[in-house]
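Beneath this line is the structure, given in structure tokens, with notes to follow.
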Amino acid sequence: MAAGGSGDEAFQTFYTEVKQIEKRDSVLTSKQQIDRLLRPGASYFNLNPFEVLQIDPDATDEELKKRFRQLSILVHPDKNQDDVDRAQLAFEAVDKAYKMLLESEHKKKALDVIHAGKEYVEHMMSQKRKQLKKDGKPTVMEEDDPEVVRSRQLLRDSCLM
């Protein structure tokens, strides 16, 4: 049971790090937000409407609406005359994410995927710990170290920008 608790702890650490990065990114300039929304692999990342809007899955409808307004104004083509085409694509991604989360069925599906991902990560970490224990090795993994998780996230973000 302790391994499961450690998995929960590791996931919470990882999740906290992700939230800190999202908070940092939420104050990006118009150009930076457009770059974020159109970065390499954007079609994959933009499948998660919470990622697009940089909002917590537990956010209220009012918080969702507020965040949509903030981002849509920031990336709107009228506000980005120097890069209208890219701004239009970014605006469309934000609009699509918002509309998806307004539909309860789509929102439920997105939340189901997030929860399934969390369960999968926890299961895989538990399996890895069991194997380490069976092999007589320490059950502390790199994923348990918040600094390792943070450095990996920062490296990933710098590669995507």
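The values are calculated or read from the model by the stated rules, or taken from the named source; none is laboratory data. Just so we're clear, the structure is a prediction, and the values are computed from it rather than from any experiment. Virtual Cβ from ideal backbone geometry, glycine too; neighbours counted across all protein chains shown. The accessibility values were calculated without ligands, DNA or RNA, using every heavy atom of the protein model including side chains. Shrake-Rupley method; radii C 1.70, N 1.55, O 1.52, S 1.80 Å.
Screening A116 on (1) part of a helix (DSSP H, G or I); (2) buried (at least 16 other Cβ atoms within 10 Å of the Cβ); (3) of a type in the set (A, V, I, L, M, F, W, C) shows it passes everything except condition (2). Being at pLDDT below 90 and surrounded by 15 or more Cβ atoms within 10 Å (Cβ to Cβ) is a property that R129 has. In region 116-131, the residues that are under 12 Å from D8 (Cα atoms) form Cβ pairs under 7 Å with partners that are open to solvent by 60 Å² or more (accessible area, probe 1.4 Å) and assigned to a helix (DSSP H, G or I), at six or more places apart or across chains, as follows: E122/D8. Among the numbered conditions (1) at pLDDT below 95; (2) under 17 Å from T29 (Cβ atoms), the only one that V94 does not meet is (1). Taking residues in region 98-112 that are in a helix (DSSP H, G or I), and partners anywhere that are among the aromatic types (F, W, Y), the pairs with Cβ atoms closer than 8 Å and at least 6 places apart or on different chains are Y98/F68; L101/F50; A110/F50. Taken together, the residues in region 27-51 that are open to solvent by less than 20 Å² (accessible area, probe 1.4 Å), within 14 Å of A97 (Cβ to Cβ) and hydrophobic (A, V, I, L, M, F, W, C) amount to 3. The set of residues in region 66-89 that are open to solvent by 50 Å² or more (accessible area, probe 1.4 Å), free of Cβ contacts under 8 Å to residues at least 24 places away in the same chain and part of a helix (DSSP H, G or I) comprises K66, R69, Q70, I73, D78, Q81, D82, V84, D85, Q88.
Going residue by residue through region 90-108, is there one that turns out to be closer than 24 Å to I34 by Cβ, under 17 Å from the mean Cα position of the chain (by Cα) and open to solvent by 80 Å² or more (accessible area, probe 1.4 Å)? Yes, region 90-108 contains a residue that is closer than 24 Å to I34 by Cβ, under 17 Å from the mean Cα position of the chain (by Cα) and open to solvent by 80 Å² or more (accessible area, probe 1.4 Å).
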